[in-house]
Amino acid sequence: KKSAIKTIVVALLVLTAQIIRAQTEEVIEEVLVIGITPNVSQGVKINRIPFAVQHSGTEALQTSQSLDVSDFMNSRLNAININSAQNNPLQADVQFRGFTASPLLGLPQGLAVYQDGVRLNEPLGDAVNWDLIPESAVYSIDLLSGANPIFGLNALGGALTINMKNGFNFTGNEAEIYAGSWGRTMASFESGGSKRGWGYYFNVNRFSEEGWRDLSQSDATNFYGSLSWRDSDTSSVDLIYQTGKTQLIGNGALPVGLLSLDRSAVFTAPDITSNDMSMFNLNARHVITKGIEFSGNTFWRENNTNSFNGDGSEFELCEYAGGVQSFFEESEELKDSLSLDLGVELEDICGGGNVSITNYKELQNLIYQKAQLYGLDPEDFELKDVIGKLYGSGVLSDEAINNISHRRQVSTGLNLQVAMDEDFFGFDNNLTAGFSYFAGDSGFVSVLELAQLDPITRSTAGLGTGTFYKEGETDVFTEINTWSLFFTDTWAVTDQLALIFAGRYNEAEVVLRDRSGERPELNGSHKFTRFNPAIGFTFDESPNTNFFGVYSEANRVPTPIELACNEGVFTLAQQYAYESGEDSDDIDFECRLPNAFLADPPLEEVVTNNLELGVRGNWRQLNYQLGIFNAKNENDILFQTTGRSTGLFANVGETKRRGLEVSIRSSSESFDFYATYSLLNATFQKDFYVLSPNHPNSDLQGELAVQSGDRIPGLPEHIIKLGGDYRFTPQLSMGAEAIYNSNQVIRGDESNQLGTIGGYSVVNLRASYLLKDRFILFARVTNLFDKEFENFGLLGESPSEILPDLADQRPLFLGIGAPRGAWLGVRYSF
C-alpha cells in the first residue's frame, strides 16, 4: 500500500509540474466564492484569495447522489474524511486537515460552519448537526482552508460556507424519491420561481431507514423556505424559515470480540438523539453608490435535543468499604429494626444475602419511616451517597443505566458589513469591514436512571426502573456572548500581485449557572479577548497560473461543556466540600458526556498559527491546485477518559498539523474527472501525561506518558480520492468514485503504544438515465466490493460485564463501515 501511495503522489506531482510549465494564454476560470465572509454577497474572485479553496455547485451535488452534505464532502473534497463513531449516516464526524466538525459533544470543534450567514456551530459545545441541513436545498458549498480569522471562532482548520437555493437561482418544480438497502427511503420536493422582482423557494425533505445494524431505525424531516426580493443589481432581501425534526439512533462502536462474531450487532442500546430545530434568517444587501455596498443578516435559531442512551452499569457491588451498615453506626436501634424487617442483617446485603426489598424507593421509604419512629431526621439516612452498595442481592440491579438528557440551545446573531471597491494610491483596492454579534443560551438537564438489560438485545428500552441516581443529575444554564470587528483588504499592487491584509477582534464571555442548587462550584463567568491577524498574497505568474500564500491566526474559546468538565474541577470542588463540612476525599473530578457537569475553573483558549503556500490554475480543460501547510495549535484541549463514558478536559500544550495537498479536476462535454491526495502529519508537540485507565500500559493512576512527536489519534496520514462521470449518450451517464484512507491511531492510545486501525478503500458506483424530457432514473451502489473495514477506534472498559462469554475481552471498540448498499430512484422535473 505504501508503494502504491508513493506512486500516486509522484504521478500527481509530476503532472502538476508539467501543467505549470505548459503555460498557455487561457485565463484562470473566475470562480466566485460566495460567502468568503459570513454574509458577503458580491463574491470574491478565486485568484484573489490567499487560501486553498474548494467550490462545489448544485450540479455536482446532484450528480454525486450523496446522502447529505457530509457524505458529499467525504467523496469529493480533498483532505476530508468521516468516521463512524456514532454509526449513523447522518451523524458523521467530519475531519478536515485534522480539525473536526461533529454533532458529538465533547469533541474539539475546529471548523466554522455557516449557512446563508447563520453560524451552525451550536452554543453548548460548538457541535454541528448535519442532519438539519437538507442537501437537496443546497445551492453551493465553499470550503476554505487554514486558520481564517474572518470567519470568527472555531475557524482553526478552515471554514465551510453553505449557500442555499432561492427563487432566483432555482426555477421550476422537482420531485425525487429513492429506496433500497436497509429500508432506506428518501423523498424530496422543491419549487421555486421569480416574477417582477419577487421570488420564492421551498424544499421538503424526508429520510427514513431501518439501518444495517440491529435496533438502528432513524428518520429525519426538514423544511426550508425563502421569500426574496430583488431590485435590479442594487438591492436584495431574503427572508428564510427553516425547521427540522429528526430522531437518529447511532449505536456506536463495537468491542472487537463481538465484532468478530456479528458486525451488525449492538453492544448496548439504544442511543437515541432527537433534534427539533426552528430558524429565521433575514439577509439584506444594498449598493449605496458605485463601489460601495452594504450587506448584513440577523437570525434566530432554536434547537431542542433529547438524548436517551442505554449503557452497562458503572456501579460496583459494595463500591464503598464499610457496607450499608455504615449509615447506621450511630443508631443501633434503627439498624436492628431495619434488619428485622428485611429478614437479613444489613452487613449481609453486600455479602450476597437474600432480601425482600426489590426497589430503591421502597427501601428508602422504609428507612424514612423507621427513622421517624425513633425520633431521628430521615435526611441523615439518605442513601444517595452509597447507592452503589445497594446493588445486587435483590435490592437493586447492577445491570444497566439510562443516561437521559435534554438541552435547549437558542442562538441569535447579527452581521453587518460594508464593502468598498475603490482605488488606493492609484491601485485597485477592495476593502470589507464589519461587525458581528452572536449570543447562545443553553439549558441542560440530565438524569441517570437505573435500568434492566434485555439479555437478548442488550437494550434498556422500556426497562427503566423509575429509580434515579441523584448524584448523576445535572441542571445547568450556560450563556456565551461574542462580538467581533473584522476587516479584509485586497490591494492590487500590480496587475499580477495582490496583497491581502485581514484581521478580526473577538471578545467572548462564557457564563455557567447551576440551577439545581447542588453545585455552587459550577457557577462562573469567563472572558476571552483576542485579535487574529492574517497577511497573504496572490500572484498571477501567467494568465492561467496563480500562486498564493498566507500567514494567519484563529482561535476558539473553551466551550461551556469544556469549562464545566476539566482538570481543575477537583481542587475547586474539594474546596467547596471542605467549606460546607463534607468529606472532600469523596469528590470526583470526572464528567459524564454529555450527561453531567461538575465545576468551572478556566481553561486556556486554543490559538492556531497557520502558514500556507500553494499554486493553482488551469491548462486546457484541467484545473489543478497544489499546496503545503503548517498549522500549530497552542493550548490544545483534549478530552481524557476516566471510565466508560466519563472524563475531563485539559490543555495539553502544543500540537501540530502539517501536510501536502494535490487536486486535479477536469471537465469536458462527455467526461468529468477528479483526483485528490492529502498527506497529514498530526502530532503532539509537548510531553505530558494523559488519563487512559483502560490502556494496558497505564500506570496505577491510569495515566500514560505522551511524548513529543506521538501521532494524534483518529487521523489518517494519507487520503486519496479518484472519481468521474462519463456520458455515453445525452441520456445515459455513469460515474464512480474510489476513496482510500490510511491507518490511524486509536483514541485512548495517545502514547502510540498499541497497533493502529488498518487503512481501507471503498468504491462507489452511480448511473442515471433520462426518460423523455422530465423523468430521470438513477441508481447508486456504495461499497461495491462489500469490503469489511473500520474507520474509528477507542479504548473503553472490558465488555465482560455485559458479555462475559466473549472469547476476546479486550477493551477495544471499533467503528464499523457500512456494507454494500444499493438504491434506485426517480427524479421528475416540471
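The values are calculated or read from the model by the stated rules, or taken from the named source; none is laboratory data. Model, not experiment: these values are computed from the prediction. With ideal geometry, Cβ positions are generated from the backbone for all residues, glycine too; neighbour counts draw on all protein chains shown. Only protein heavy atoms, including side chains, enter the accessible area calculation; ligands, DNA and RNA are left aside. Shrake-Rupley method; radii C 1.70, N 1.55, O 1.52, S 1.80 Å.
On a full-extension model of 0.36 nm per residue, what is the gain between W198 and D489, subtracting their alpha-carbon distance, rounded to one decimal in nm?
101.4 nm is the gain from fully extending W198 to D489.
At 1.4 Å probe radius, can you tell me the per residue accessible area of segment 75-196 in Å²? List each step's numbers first, then the result.
Details: 2430 Å² over 122 residues.
On a per-residue basis, segment 75-196 sits at 20 Å².
Here is the link list: K527/K632; K721/K772; K45/K290; K245/K772. Which ones come out longer than 26 Å on Cα distance?
K721/K772; K245/K772
Could you give the dipole magnitude of segment 150-260 about its Cα centre, charging the beta-carbon of Lys and Arg +1 and that of Asp and Glu -1, in debye to the nearest 20?
Charge dipole, segment 150-260, about its Cα centre: 140 debye, nearest 20.
Would you please name the trypsin sites (Lys or Arg not before Pro) within segment 743-814 that are DSSP coil residues with at most 13 other C-beta atoms within 10 Å of their C-beta? Can you show the working numbers first?
Working: sites: R747, R766, K772, R774, R780, K787; in loops: K772, R774, K787.
Loop-located and lightly packed - K772, R774, K787.
Go through V128, G110, F189 and say which Cα lies farthest out towards the positive end of the charge dipole of segment 76-206; charges sit on Cβ, +1 for Lys and Arg, -1 for Asp and Glu.
F189
Which net charge results for the neighbourhood of A220, defined as the other residues with beta-carbon distances under 13 angstrom from its beta-carbon, given Lys and Arg at +1 and Asp and Glu at -1? Don't skip to the end; give the middle numbers.
On the way: positive: R184, R206, K245; negative: D68, D131, E135, E209, D219, D276.
Here the charged neighbours net out to -3.
Roughly speaking, to the nearest percent, how much of segment 432-540's 1.4 Å accessible area is carbon and sulfur? Mind dumping the intermediate values first?
Working: 2660 of 4560 Å².
C and S atoms contribute 58 percent here.
Calculated FRET efficiency, F425 and N681, Cβ-Cβ r, R0 30 Å, to nearest 0.05?
After rounding, the FRET efficiency stands at 0.10.
With a sphere of radius 10 Å drawn around the Cβ of I162, what net charge do the other residues whose Cβ falls strictly inside it have (Lys, Arg +1; Asp, Glu -1)?
Surrounding charge for I162 is -3.
Given a 1.4 Å probe, how much area per residue of segment 681-750 is accessible, in Å²?
Values: 2930 Å² over 70 residues.
For segment 681-750, the solvent-accessible area averages 42 Å² per residue.
What Kirkwood Rh does segment 505-565 have if only Cα atoms enter the pairwise 1/r average? Answer in Å.
After inverting the mean inverse Cα-Cα distance, the result is 15.3 Å.
Highest mean first, how do 276-282, 631-637 rank when packing is the count of other Cβ atoms within 10 Å averaged over residues?
On the way: 276-282: 17.7, 631-637: 21.7.
The peptides rank, most packed first, as 631-637, 276-282.
So, how do all the Cα-to-Cα distances of segment 223-275 break down into 5 Å bins, in percent, from 0 on up?
Percent of Cα pairs in each bin: 4, 14, 13, 11, 8, 8, 7, 7, 7, 7, 6, 5, 2, 0.
What's the percent breakdown of Cα-Cα distances in segment 700-781 across 5 Å bins, shortest bin first?
Percent of Cα pairs in each bin: 3, 13, 15, 13, 10, 8, 8, 7, 7, 6, 4, 3, 2, 1, 0.
Let me have the relative contact order for segment 644-779, percent, based on Cα pairs under 8 Å that are six or more residues apart.
For segment 644-779, the relative contact order is 19 percent.
Across 5 Å bins from the origin, how do the percents of Cα pairs in segment 432-474 run, short distances first?
The calculated distribution, bin by bin, is 5, 16, 15, 13, 12, 9, 6, 6, 5, 5, 5, 4, 1.
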